[in-house]
1. Identify the single condition in (1) at pLDDT 95 or above; (2) assigned to a loop (DSSP other than H, G, I, E, B); (3) touching a strand residue (DSSP E or B) at 6+ places or on another chain (Cβ under 8 Å); (4) farther than 19 Å from Leu135 by Cα that Met53 does not satisfy, given that it satisfies every other one.
2. Only one residue in Asp220, Asp212, Asp234, Asp203 is acidic (Asp, Glu), open to solvent by less than 70 Å² (accessible area, probe 1.4 Å) and either touching a residue at least 12 places away in the same chain (Cβ under 8 Å) or within 23 Å of Ala131 (Cβ to Cβ) (or both). Which one?
3. Condition first: surrounded by fewer than 16 Cβ atoms within 10 Å (Cβ to Cβ) and assigned to a helix (DSSP H, G or I). Now tell me which residues in segment 103-112 satisfy that.
4. Does Val153 satisfy the condition of being within 18 Å of Ile20 (Cα to Cα), in contact (Cβ under 8 Å) with a residue 24 or more places away in the chain and either in contact with a helix residue (DSSP H, G or I) (Cβ under 6 Å, 6 or more places away or on another chain) or not charged (D, E, K, R) (or both)?
5. Pick from Pro145, Pro100, Pro133: which is exposed (fewer than 14 other Cβ atoms within 10 Å of the Cβ) and touching a Lys or Arg at 6+ places or on another chain (Cβ under 7 Å)?
6. Do you know which residues across segment 56-75 are in a loop (DSSP other than H, G, I, E, B) and surrounded by 18 or more Cβ atoms within 10 Å (Cβ to Cβ)?
7. Looking only at segment 77-97, count how many residues are open to solvent by 40 Å² or more (accessible area, probe 1.4 Å), within 18 Å of Arg42 (Cβ to Cβ) and either within 21 Å of the chain's Cα centre (by Cα) or among the polar types (S, T, N, Q) (or both).
8. Kindly indicate the residue of segment 113-168 that is of a type in the set (A, V, I, L, M) and part of a loop (DSSP other than H, G, I, E, B) and also nearest to Ala181 (Cα to Cα) among those meeting that condition.
Amino acid sequence: MRIAIMQPYFLPYLGYFQLISAVDRFVVYDTIQFTKKGWINRNQLLRDGTAVMFTLPVRKGSDYLNVVDRHLADDFDPGTLLNQIAAAYRKAPQFAGTMPLIETILQYQSSNLFDFLLHSLHQCCNHLKIATPLLLSSKVEDGPPRLQGQSRVIDICKRLDGTVYINPPGGRALYAADDFAAQGLGLQFIRPRLRSYPQFGADFVPSLSILDVMMFNAPDQINSTLLRDFDLAD
């Protein structure tokens, strides 16, 4: 049983979805501290050949609140962001098939940030035909976390009868294979290849939101090729 555990992100890059597709269970942290100026509520799209930031505005609150306790700002206007996306991608080859998905995501009727993000991940996975179950950390842990860091990851994996934990490359600085092995778990790291694909004929701009991938590539093409374009290493 291959397990991955990640924070939720808003329309994250292709590598995030490669990780989801590479495992048997994907756990999304809801009881983890919201990081300001991180990627939880923002990402990048392509506009006039340049990477441009787009953001879900978040209501002000304590820096110590978990993601599940944060809310979208009262003045969040989905229409404004939809117009920004439409203006950037109206001439993209998959615009007609992708824009209804983005409308469904941005018009979701919940002000809770985690609910909003989880819904967006479910919608993207459905669009890309990724069948991996998305689980909530609070449900797996039966309440607030009692452990932190590597110990928490190992505990979640064991609760799910996991055999291998898979993490992005940055996890090499956080996790020790010997500690996982001592608990009967393997440890691997995914290495996305993230090859270029045609955008608007200019120089390729990499590592943008999955939004960009979907605007230029049909779902079947993403599922059969781009989602599988990674390596796993110990």
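The values are calculated or read from the model by the stated rules, or taken from the named source; none is laboratory data. Predicted model only: the values in this text are computed from it and were never measured. Backbone-built Cβ (ideal geometry, glycine too); neighbour counts: all protein chains shown. With ligands, DNA and RNA removed, areas are computed over all heavy atoms of the protein, side chains included. Shrake-Rupley method; radii C 1.70, N 1.55, O 1.52, S 1.80 Å.
1. Checking Met53 against (1) at pLDDT 95 or above; (2) assigned to a loop (DSSP other than H, G, I, E, B); (3) touching a strand residue (DSSP E or B) at 6+ places or on another chain (Cβ under 8 Å); (4) farther than 19 Å from Leu135 by Cα, the one that fails is (2).
2. None of the others qualify; the one that does is Asp212.
3. Glu103, Thr104, listed by residue number.
4. On the way: within 18 Å of Ile20 (Cα to Cα): yes; in contact (Cβ under 8 Å) with a residue 24 or more places away in the chain: yes; either in contact with a helix residue (DSSP H, G or I) (Cβ under 6 Å, 6 or more places away or on another chain) or not charged (D, E, K, R) (or both): yes.
Spelling it out, Val153 is indeed within 18 Å of Ile20 (Cα to Cα), in contact (Cβ under 8 Å) with a residue 24 or more places away in the chain and either in contact with a helix residue (DSSP H, G or I) (Cβ under 6 Å, 6 or more places away or on another chain) or not charged (D, E, K, R) (or both).
5. Exactly one residue qualifies, and that residue is Pro133.
6. Hits for segment 56-75 are Leu56, Arg70.
7. The qualifying residues number 3.
8. Within segment 113-168, the match that is nearest to Ala181 (Cα to Cα) is Leu160.
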